[in-house]
Amino acid sequence: MSDHAIRVKDLGIRFLIRHQRAPTVHSGLVRFLKRGGRPEEFWALRNVSFEVGSGRVFGIIGPNGSGKSTMLRVLSRILAPDEGEVELRGQVSSLLSLGAGFHAELTGLENITYNGILLGLSRQEIERRKDKIIEFSGLGARIDTPVRTYSTGMRARLGFSVAVHVDPEILVVDEVLVVGDARFRERCANKMRELFSAGATVVMVQHNLEAVLQMCHECLWLQDGSIRQLGRPLEVVNAYLASQDLPPMGMPENDMTGIISETMPTVGEKA
């Protein structure tokens, strides 16, 4: 049995779209007699298969509308497959959008408890982690004010702080390290190093291709809901750039994880 944390096989996610014109008496009568038109099927993902090994960092790239965010919602157990199978081994923590899961009228401190419970932590576990979450977020006294008064950056800092302090075995993140000021981004990078070293499996969507090259062991390029290419980050990123008539990138001198090595097996290789 392969040592994988995530296995996706023949995944398909379907949405039903109803096209409706501005209502009139005539159109309303027609819809009533026809009992509504047949909705159009839209497959946001189709025939998607891949595995992510335990302790690996897996990047997902592609243009807007390619299915990247839908894929993260599947891995976060928000969406269930319409086709295929998804296997997740371990506790999943996700950060999909700024302020996702926050209650605007609750304070930052109350939202730590609220989100911790949603992530499956007991009140005792939340209490043990609370001070570290507050310190990491850098919100100071603002932690006791309602989240509706927070700026976008403050919400992002609190959301990231909660997501990475629940000891996730699988972390699913959208555009990590692109929010907050330079000091907070560096703090995020250091925390990600800790997660990598602890053996957490990370799946991230990134438009920042340099971050993909710095952080990821494997990379998936999604295009129109299907896999266009899967493999080594440098090869996949440069193929993606070539499809847009953009110049290729070189491998950064230093990776952020400190654990990526040419000797580590990747897609299609055996250890």
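The values are calculated or read from the model by the stated rules, or taken from the named source; none is laboratory data. Model, not experiment: these values are computed from the prediction. Keep in mind that these areas ignore ligands, DNA and RNA; they rest on the heavy atoms of the full protein, side chains included. Shrake-Rupley method; radii C 1.70, N 1.55, O 1.52, S 1.80 Å.
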>> Run the reach check for LYS130 against aspartates and glutamates, Cα to Cα strictly under 14 Å, same-chain hits fewer than 8 apart removed. What comes back?
In response: GLU110, ASP144, ASP167
> Carbon and sulfur: what percent of the range 48-178's accessible surface (1.4 Å probe)?
Replying inline: 48
> Short version: ³J(HN,Hα) in whole Hz for each residue of the range 237-242, in order, from phi by Karplus 6.51 cos²θ - 1.76 cosθ + 1.60 (θ = phi - 60°), x for Gly and Pro, what are they?
Replying inline: 4, 6, 5, 5, 5, 4
> Residues with amide H under 5 Å of HIS4's amide H, sequence separation 5 or more or different chain, H placed in the peptide plane at 1.01 Å from N; which?
Replying inline: SER54
>> For a quick check: with amide H placed at 1.01 Å from N, whose amide H comes under 5 Å from LEU220's, ignoring anything fewer than 5 positions away on the same chain?
In response: GLY59, ILE60, ILE61
